[in-house]
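The values are calculated or read from the model by the stated rules, or taken from the named source; none is laboratory data. Computed from a prediction, not measured in an experiment: that's the story for all the values here. Heads up, the Cβs are rebuilt from the backbone with ideal geometry, glycines too, and the neighbour counts pull from every protein chain shown. The accessibility values were calculated without ligands, DNA or RNA, using every heavy atom of the protein model including side chains. Shrake-Rupley method; radii C 1.70, N 1.55, O 1.52, S 1.80 Å.
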Amino acid sequence: MALAFDEYGRPFIILKEQEQKTRLRGIEAQKANISAGKAVARILRTSLGPKGMDKMLQSPDGDVTIMKLHTEAVFKKFPDVFSFWRSANDGATILEQMDVDNQIAKLMVELSRSQDYEIGDGTTGVVVMAGALLEQAERLLERGIHPIRIAEGYEMASRIAVEHLDHIAQNVNRCKRPLAEISVKAVLSVADLERKDVNLDLIKVEGKVGGKLEDTELVYGITVDKDMSHPQMPKKIEDAKIAILTCPFEPPKPKTKHKVDIDTVEKFQTLRQQEQKYFDDMVQKCKDVGATLVICQWGFDDEANHLLMHRNLPAVRWVGGVELELIAIATGLFLFI
């Protein structure tokens, strides 16, 4: 490259070896542009969704940007330690931190920025979707389909998608009033009107596959998607007294390694009777406090399950800790064994 001046004194640049360079034309230029767009989408694809990975970018001056959801609170707590870090969590911010030269890649950046300006969300998904559309368009180009035909097909697909979204929106609008009433009742049922505070963690939304929007209902209580531990246990219990167990319904296991030698039938019977007595004592403790239903955070073996069924004590096992806390709040009961 050399700098020269014309007869009027205006400078211009002379690029050497231009005869060795070629300009991309036709399908090769189209594929090059598609590859640039796919490269941008590929960068953001791994950060999409609940299992998306974090991103770390370093600028030429040494600043580090961590793309993470919870880093902002850490930086505020330790501003001196992390003074050279900046946090971000969406695709638009990631692309703004990148140095993009290709014009098609810049269009992808503008696409993400427009999504952020118009909607405020979905900046990563829109770029990933655009990359997927470009990938499919590349396959159609290789089959000899003209780019204009491909663009017309995408426009037709867009119109069909918008019409389907309008149809879905009509169904949602029909249920807007009932859903709004359910939402208001749910908030008022857990609201502390004196303090003017609402603990939204006490409201749980459960979804079931196969139902309709009109089937939505409000349950004043706790819904636990579990079956009884034994199929012969009753499925309906009225005025139940619940015993909540946060310990395993099984004999305690020693913390050190041990070995038991059983060489006679009498020793085996003694061991079995001792284990059965332990289960019987646990069941009896639940019966003594008047429990008619046992909800256990952990599991129990078939022998304990069989004993619970014969002692007419229905039980539910493998209930999560969050559900147990909600049940305890609703019933005001904790029972530890």
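One table, with the values for the structure above:
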| item | result |
| --- | --- |
| Lone unmet requirement of (1) charged (D, E, K, R); (2) open to solvent by 80 Å² or more (accessible area, probe 1.4 Å); (3) touching a Ser or Thr at 6+ places or on another chain (Cβ under 9 Å) for residue 116 | (2) |
| Filter result for residue 213 (open to solvent by 60 Å² or more (accessible area, probe 1.4 Å) and touching a helix residue (DSSP H, G or I) at 6+ places or on another chain (Cβ under 6 Å)) | no |
| Which listed residue, of 108, 53, is modelled with pLDDT of 85 or more and in the same structural domain as residue 32 (by the TED database) | 108 |
| Selected residue [closer than 14 Å to residue 330 by Cα, open to solvent by less than 90 Å² (accessible area, probe 1.4 Å) and without any contact (Cβ under 8 Å) to a residue 60 or more places away in the chain] from 224, 187, 198, 219 | 219 |
| Flag if residue 129 is modelled with pLDDT of 75 or more, within 24 Å of the chain's Cα centre (by Cα) and within 29 Å of residue 33 (Cβ to Cβ) | yes |
| Subset of the range 316-337 [open to solvent by less than 50 Å² (accessible area, probe 1.4 Å) and in a helix (DSSP H, G or I)] | 321, 323, 324, 326, 327, 328 |
| Options 162, 190; residue that is within 30 Å of residue 31 (Cβ to Cβ) and hydrophobic (A, V, I, L, M, F, W, C) | 162 |
| Complete set of residues in the range 268-315 that are touching a Ser or Thr at 6+ places or on another chain (Cβ under 9 Å) and surrounded by fewer than 17 Cβ atoms within 10 Å (Cβ to Cβ) | 298, 299, 312 |
| Criterion (within 24 Å of the chain's Cα centre (by Cα), open to solvent by less than 70 Å² (accessible area, probe 1.4 Å) and in contact (Cβ under 8 Å) with a residue 12 or more places away in the chain) met by exactly one of 182, 203 | 203 |
| Criterion: in a loop (DSSP other than H, G, I, E, B) and within 30 Å of residue 27 (Cβ to Cβ) - qualifying residue of 207, 211, 144, 153 | 144 |
